[in-house]
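Notes follow the structure.
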Amino acid sequence: MRRGIDLLSENRLRLSREEALAELRADIVRAAYVEGDFVFASGLRRGYYFDKYLFETRPAILRRLARFLAELVPEGTERLVAPALGAVALGTAISLESGLPLAIVRPDPEPGSPRAIEGELYAGENVALIEDVVVTGGRALRAISRVREAGANARHAVAVLDRREGAEERFAEHSASYAYLFTPEDLGID
Ligand SMILES: O=P(O)(O)OC[C@H]1O[C@H](OP(=O)(O)OP(=O)(O)O)[C@H](O)[C@@H]1O
Ligand SMILES: O=C(O)c1cc(=O)[nH]c(=O)[nH]1
């Protein structure tokens, strides 16, 4: 099994960057694109969904995603932060790829519940927030607020897919730069 994966990786070394990205786009659509009537966590209702767990749990996709996403993490970043649950696998993969340590932000912890941020995070650190699918950007911005409350500098967000629902403008309003790998249009959707 392991040998098969390694052989695949060796073959990919022969692809150009553009070919590798095109292959990754096709693999993500095959793995995670679902049509239907979906109400998102934000309350938005749309006719398709990208099930992030279906691409984040496949090593052959996750490994390649981590390679491309690590390139979007700005110079000077000292720590990655991933909001639980979905982005934790992705954050871990980018952490392994980049060597940057990872902290995990719990979703909306109640008063008296466990820590909002797990792992180490220090005041003054430059942090990049990792997200899988961004719709409104609400989840990522809440995590950025938690990180800022802890005294760290959360000025950048990195995502696999931006669904073009206005998140880019929201990040800018909150003084965070934002880079993403794909839009639905890149994936041949819309
Ligand atoms: O940009 P937004 O409008 O905030 O929506 C996107 C968020 O919603 C999804 O998470 P989900 O609610 O499925 O949570 P999970 O990661 O805990 O499964 C997705 O993985 C993002 O984290
Ligand atoms: O808003 C969401 O919850 C959401 C949308 C989407 O396309 N994919 C996903 O994993 N979550």
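The values are calculated or read from the model by the stated rules, or taken from the named source; none is laboratory data. The model shown is predicted, which means the values in this text are computed figures rather than measured ones. Because the Cβ atoms are built from the backbone with ideal geometry, glycine has one as well, and the counts that use them run over all protein chains shown. The accessibility values were calculated without ligands, DNA or RNA, using every heavy atom of the protein model including side chains. Shrake-Rupley method; radii C 1.70, N 1.55, O 1.52, S 1.80 Å.
Go through the stretch 49-60 residue by residue and tally those that are of a type in the set (S, T, Y) and not in a helix (DSSP H, G or I). Working first, answer last.
From the stretch 49-60, those of a type in the set (S, T, Y) are 49, 53, 57; that's our starting set.
Now drop any that are not not in a helix (DSSP H, G or I), which leaves 49, 57.
Number of matching residues: 2.
The single condition from (1) modelled with pLDDT under 95; (2) under 19 Å from L161 (Cβ atoms) that P114 fails is (2).
No other residue among R79, R45, R63 is out of contact with any strand residue (DSSP E or B) (no Cβ under 7 Å at 6 or more places or on another chain) and either touching a residue at least 40 places away in the same chain (Cβ under 8 Å) or open to solvent by 60 Å² or more (accessible area, probe 1.4 Å) (or both) apart from R63. Looking across the stretch 91-101 at every residue that is more than 11 Å from the chain's Cα centre (by Cα), open to solvent by less than 60 Å² (accessible area, probe 1.4 Å) and touching a residue at least 24 places away in the same chain (Cβ under 8 Å), the one that is farthest from R142 (Cα to Cα) is identified as S98.
Among the residues of the stretch 49-98, just one is within 20 Å of A20 (Cβ to Cβ), more than 16 Å from ligand 1 (Cβ to nearest atom) and β-branched (V, I, T), namely V73.
Among the residues that make up the stretch 49-59, is at least one of them modelled with pLDDT of 95 or more, farther than 16 Å from V158 by Cα, open to solvent by less than 20 Å² (accessible area, probe 1.4 Å) and out of contact with any Ser or Thr (no Cβ under 8 Å at 6 or more places or on another chain)?
First, pick out the residues of the stretch 49-59 that are modelled with pLDDT of 95 or more: 49-59.
With farther than 16 Å from V158 by Cα added as a condition, the list becomes 49-51, 53-55, 57-59.
Add one more test, that the residue is open to solvent by less than 20 Å² (accessible area, probe 1.4 Å), and what stays is 50, 55.
Applying the additional criterion that residues be out of contact with any Ser or Thr (no Cβ under 8 Å at 6 or more places or on another chain) yields 50, 55.
Yes, there is a match, as at least one residue in the stretch 49-59 is modelled with pLDDT of 95 or more, farther than 16 Å from V158 by Cα, open to solvent by less than 20 Å² (accessible area, probe 1.4 Å) and out of contact with any Ser or Thr (no Cβ under 8 Å at 6 or more places or on another chain).
Residues in the stretch 31-43 that are among the hydrophobic types (A, V, I, L, M, F, W, C) and modelled with pLDDT of 95 or more were compared, and the one that is farthest from ligand 2 (Cβ to nearest atom) is A31.
Just to check your reading of the model, which residue among E168, E131 is within 13 Å of ligand 1 (Cβ to nearest atom) and open to solvent by less than 50 Å² (accessible area, probe 1.4 Å)? Steps first, answer last, please.
Details: E168 fails: open to solvent by less than 50 Å² (accessible area, probe 1.4 Å).
Answer to the selection: E131.
Scanning the stretch 149-165 for residues being open to solvent by 70 Å² or more (accessible area, probe 1.4 Å) and within 14 Å of ligand 1 (Cβ to nearest atom) gives a total of 1.
Of all the listed residues (V88, V81, V73), the sole one being at pLDDT 95 or above, part of a loop (DSSP other than H, G, I, E, B) and under 17 Å from the mean Cα position of the chain (by Cα) is V73.
Checking the conditions here, which among R115, R63, R67, R46 is part of a strand (DSSP E or B), among the charged types (D, E, K, R) and either more than 16 Å from ligand 2 (Cβ to nearest atom) or under 26 Å from R30 (Cβ atoms) (or both)? Working first, answer last.
Working: R115 fails: part of a strand (DSSP E or B); R63 fails: part of a strand (DSSP E or B); R67 fails: part of a strand (DSSP E or B).
So the residue among R115, R63, R67, R46 that is part of a strand (DSSP E or B), among the charged types (D, E, K, R) and either more than 16 Å from ligand 2 (Cβ to nearest atom) or under 26 Å from R30 (Cβ atoms) (or both) is R46.
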